[in-house]
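Participant: Handing you this structure, nothing more for now.
The values are calculated or read from the model by the stated rules, or taken from the named source; none is laboratory data. This one's a predicted model, so the numbers in the text were calculated from it and none came from an experiment. All Cβ positions, even for glycine, are placed from backbone atoms using ideal geometry, and neighbour counts span all protein chains on display. SASA here: full protein model, heavy atoms, side chains in, ligands and nucleic acids out. Shrake-Rupley method; radii C 1.70, N 1.55, O 1.52, S 1.80 Å.
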Amino acid sequence: MSLAIAGMGWVTPLGNGVDTVWERLLHGDEASATLISEQFGDRSYCGFRVPELALTGLAHPRLRRASVISRFAATAGLEALQAAGLKVDSQNAERIALIFAISNGGVIYTKRFYRDVVETGAQSASPLLFPETVFNAPASHLSAILGITGATYTVVGDGAVGLLAVKMAEDVMTDKSLDCCLVVGTEEIDWLLCDAYRRWRLLRSAPPIEPFSKQKRGMILSEGAGAIVLSRGGPITIERAHPGGCYGKRAEAEEILIRMLRDLSETETDCVISSANGTFIDQAEQGALGHVIPDAITYTAKPALGESVGASGLWQVILGAQALRYGELPPVLHADPAVSLPLARSRMPMAGARQAIILSSGVNQQVAGLRLALR
């Protein structure tokens, strides 16, 4: 079954609003790094944070104590519903499904809750913090804020989780009692999360992210949310959502990507939205693309927006939809001139583009993809 994108919402370190962020990417803008420190840590890390102005005007009693990922999700979800022309009311609340993609959860609230336990004992830990530490807390907040009473799911994974949530939406939408499905992916960053990725040798100390570099210097973490409303009709369709696969060793990632690309590139492909982020993922995707569709123009936004993990897959879907909608790609920032892939090194027109492939490779063993088409 082919689903169509009826509306989109975007919250990023470059601001919020699909067309606003897209325009900044087209002009080659990139997020500014913020130094993240911890009073008990001996290191500081750079991250791309969402500016406070991006969340102004969002007021709801439910969000007073909610984690920042819930605020990101609410902003993106409301924008996507508005773009789709949907207003949730008692007549359609049960006919809208919600699927939430998340990776690291409310890491800030988790740290605060357990720090209270360690420092002053279990009796001092705030019960108000604990609900935000569970993975499905943002989905609960969002469904309550929007008034959605239909099916609600939370999918947990790595950087590929957003596309896996879209795949799940296909299955959910076989239920004829549903009119549409809101898919949201979100992420927050904190010192603890940065420290974990640094210990896994995946984080670099400071920008820029250098995509497809042989040096594999690492990524910069970022935060925000992406949301899409999927319905059964519209100009931009998800022709196929591929479940991808899991790799046990890093060397196996390229093999899975090759198999997936062969399935997704049955028809002509105009561009590929890559998940290259400065890690080993870049070489895996570059090898697979060079093997299967070496002539497709490739673009990655992670040098500009950072690696948003749980939100990244939905961000890539939005990028692919915008590329087909406007017939152009933004420039890939900080790419080595020696990279053999045909990259969009400057603002690149793509007149007549009809097909785009989204590749989402997570650093924790998940790979997924999908093919978008402009009808």
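Participant: Do we find that Arg325 is touching a residue at least 24 places away in the same chain (Cβ under 8 Å), in a strand (DSSP E or B) and basic (Lys, Arg) in this structure?
Facilitator: Details: touching a residue at least 24 places away in the same chain (Cβ under 8 Å): yes; in a strand (DSSP E or B): no; basic (Lys, Arg): yes.
In short, no.
Participant: Suppose the filter is closer than 21 Å to Tyr326 by Cα and not polar (S, T, N, Q); does Ile228 pass it? I'd like the intermediate steps shown before the answer.
Facilitator: On the way: closer than 21 Å to Tyr326 by Cα: yes; not polar (S, T, N, Q): yes.
Against the criterion (closer than 21 Å to Tyr326 by Cα and not polar (S, T, N, Q)), Ile228 qualifies.
Participant: Still on this structure, please answer the following. Six or more apart or on different chains, Cβ atoms under 6 Å: show the pairs whose first residue is in segment 196-219 and without any contact (Cβ under 8 Å) to a residue 24 or more places away in the chain and whose second is open to solvent by 50 Å² or more (accessible area, probe 1.4 Å).
Facilitator: Between residues of segment 196-219 that are without any contact (Cβ under 8 Å) to a residue 24 or more places away in the chain and residues that are open to solvent by 50 Å² or more (accessible area, probe 1.4 Å), there is no close pair.
Participant: Across segment 179-192, what is the total count of residues that are farther than 16 Å from Ala227 by Cβ and open to solvent by less than 10 Å² (accessible area, probe 1.4 Å)?
Facilitator: Step one: of segment 179-192, the residues farther than 16 Å from Ala227 by Cβ are 179, 189-192.
Narrowing the set further to residues that are open to solvent by less than 10 Å² (accessible area, probe 1.4 Å) leaves 189.
So the count comes out to 1.
Participant: Now for a different question. Looking only at residues in segment 155-209 that are in a helix (DSSP H, G or I) and among the small types (Gly, Ala, Ser), which one is nearest to Phe40 (Cα to Cα)? If you could, list the steps in order and put the result at the bottom.
Facilitator: Just the residues of segment 155-209 that are in a helix (DSSP H, G or I), to begin with: 161-172, 191-199.
Applying the additional criterion that residues be among the small types (Gly, Ala, Ser) yields 162, 165, 169, 196.
Working: Gly162: 33, Ala165: 36, Ala169: 42, Ala196: 15 Å.
Step by step, filter segment 155-209, then rank; the result is Ala196.
Participant: Tell me, yes or no, whether segment 114-127 has at least one residue that is in contact with a Leu (Cβ under 7 Å, 6 or more places away or on another chain) and either touching a residue at least 60 places away in the same chain (Cβ under 8 Å) or in a helix (DSSP H, G or I) (or both).
Facilitator: Of all residues in segment 114-127, those in contact with a Leu (Cβ under 7 Å, 6 or more places away or on another chain) come to none.
The answer is no; no qualifying residue exists.
Participant: Every residue in segment 1-13 that is open to solvent by 10 Å² or more (accessible area, probe 1.4 Å) and either at pLDDT 95 or above or hydrophobic (A, V, I, L, M, F, W, C) (or both), please. Let's see the steps before the verdict.
Facilitator: If we filter segment 1-13 for residues that are open to solvent by 10 Å² or more (accessible area, probe 1.4 Å), which is where we start, we get 1-2, 5-6, 8, 13.
Met1, Ile5, Ala6, Met8, Pro13, listed by residue number.
Participant: Something else: Glu94 fails exactly one of the following numbered conditions: (1) at pLDDT 90 or above; (2) of a type outside the set (A, V, I, L, M); (3) in a loop (DSSP other than H, G, I, E, B). What is the number of that condition?
Facilitator: (3)
Participant: Return yes or no: is Ala160 crowded, with 18+ Cβ neighbours inside 10 Å, at pLDDT 95 or above and either within 21 Å of the chain's Cα centre (by Cα) or of a type in the set (Val, Ile, Thr) (or both)?
Facilitator: Numbers: crowded, with 18+ Cβ neighbours inside 10 Å: yes; at pLDDT 95 or above: yes; either within 21 Å of the chain's Cα centre (by Cα) or of a type in the set (Val, Ile, Thr) (or both): yes.
Yes, satisfied.
Participant: The conditions are (1) within 29 Å of Gly234 (Cα to Cα); (2) open to solvent by 50 Å² or more (accessible area, probe 1.4 Å); (3) in a helix (DSSP H, G or I), and Ala73 fails exactly one of them. Which is it?
Facilitator: Only one criterion in (1) within 29 Å of Gly234 (Cα to Cα); (2) open to solvent by 50 Å² or more (accessible area, probe 1.4 Å); (3) in a helix (DSSP H, G or I) is unmet by Ala73, namely (2).
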